[in-house]
1. Can you work out the Karplus-derived ³J(HN,Hα) for every residue in the range 99-116? Use 6.51 cos²θ - 1.76 cosθ + 1.60 with θ = phi - 60°, whole Hz, and x for glycine or proline.
2. Could you check the spin-label model distance between residue 110 and residue 58? Points 7 Å from the Cα along Cα→Cβ, value in nm.
3. Any chance you could tell me what percent of the C-alpha pair distances in the range 1-125 go past 23 Å?
4. Estimate the FRET efficiency between residue 51 and residue 124 by the formula 1/(1 + (r/R0)^6), using the beta-carbon distance for r and 35 Å for R0, to the nearest 0.05.
5. By average Cβ neighbour count within 10 Å, what is the ranking of 75-82, 63-70, 195-202 from highest down?
6. Once the Cα gyration tensor of the chain is found, what semi-axes does its equivalent ellipsoid get, as square roots of 5 times the eigenvalues, in whole Å, sorted largest first?
7. For the chain, set up a GNM with springs between Cα atoms under 10 Å and report which of 16, 111, 91 has the largest fluctuation.
8. Got the relative contact order for the chain handy, in percent, Cα pairs under 8 Å and 6 or more residues apart?
Amino acid sequence: MNFKRLLSYLIPIKIYETKSDINKNLEITWNNGQLVLDSKNTNFSYGNLQKVLRFGLKEIGFEKIKSLDSTLILGVAGGSVIKTLVNEIGYIGKIAGIEIDAETINLANKYFGLDKIDNLQIIITDAEKFIAETKETYDLIIIDIFEDNIMPDFLFENTFISNVLNILNTNGFVIFNTIVSDNSAQIRNEKFVKLIKSKNRTLQRIPNLEGDNELLILN
Ligand SMILES: C[S@@+](CC[C@H](N)C(=O)[O-])C[C@H]1O[C@@H](n2cnc3c(N)ncnc32)[C@H](O)[C@@H]1O
């Protein structure tokens, strides 16, 4: 086993670091024997983040997910949920990944081989803009957007979520990863839940995942 990887069971070993306008810092680190992508203040891909989204996919059911034709990922970073879909679930449907920070995709390709995935198309753009303009529709939409450890306000606004629901196929699913680290985030999520219920959508809440994450599953 690679020495740095072995040592990382004792302490995290950073092997690459770069600056990012959107996410302040991007770091590739060996952590507990696994290569992860972190921003300045949080884990972005692989590690705990991958566990949270895997949990959401399991709630829907891996067999159900496998039967879907098209998936949209908003916020790609290192692409750990894409690896879960393709390598663990055996998903062969179309995957579109929307990412605003091109540097994360360079790292995803170099360190995690994201460019080796045949059924994946990456589009470098702002997810808010993409959702408002696209003519495509999807069976599964995963919202996992953070600027470092901050969730932009637009994610919780009626316009954004209405646009997301407009491009969701009948009987499709949305998995929305949120962080609830203080009282104001709790109030924000309660308000958002009311908004979703007003649209007569089914909503499942899975709080306290890996600490502060709350997953919202809509259909
Ligand atoms: C937690 S990471 C995504 C992790 C990824 N889903 C995975 O499975 O590994 C959050 C990502 O959202 C991206 N992001 C932030 N604002 C965005 C926006 N407006 N549009 C698209 N991506 C955005 C960040 O650059 C970052 O790469």
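The numbers here are math on the coordinates, done by the rules we state, and not lab data. This structure is a prediction, so every number in the text was calculated from the model and none was measured. We place every Cβ from the backbone using ideal geometry, glycine too, and count neighbours over all the protein chains shown.
1. For the range 99-116, the Karplus-derived couplings read 9, 8, 9, 4, 5, 5, 6, 4, 5, 4, 5, 6, 9, 10, x, 5, 6, 8 Hz, x marking Gly and Pro.
2. 3.3
3. Everything past 23 Å amounts to 32 percent.
4. Details: r = 27 Å, r/R0 = 0.76.
E(calc), rounded to 0.05, equals 0.85.
5. Packing proxy ranking, top to bottom: 75-82, 63-70, 195-202.
6. 27, 20, 17
7. Result: 16 has the largest fluctuation of those listed.
8. Details: 380 pairs, mean separation 33.7, N = 219.
Once normalised by length, the contact order is 15 percent.
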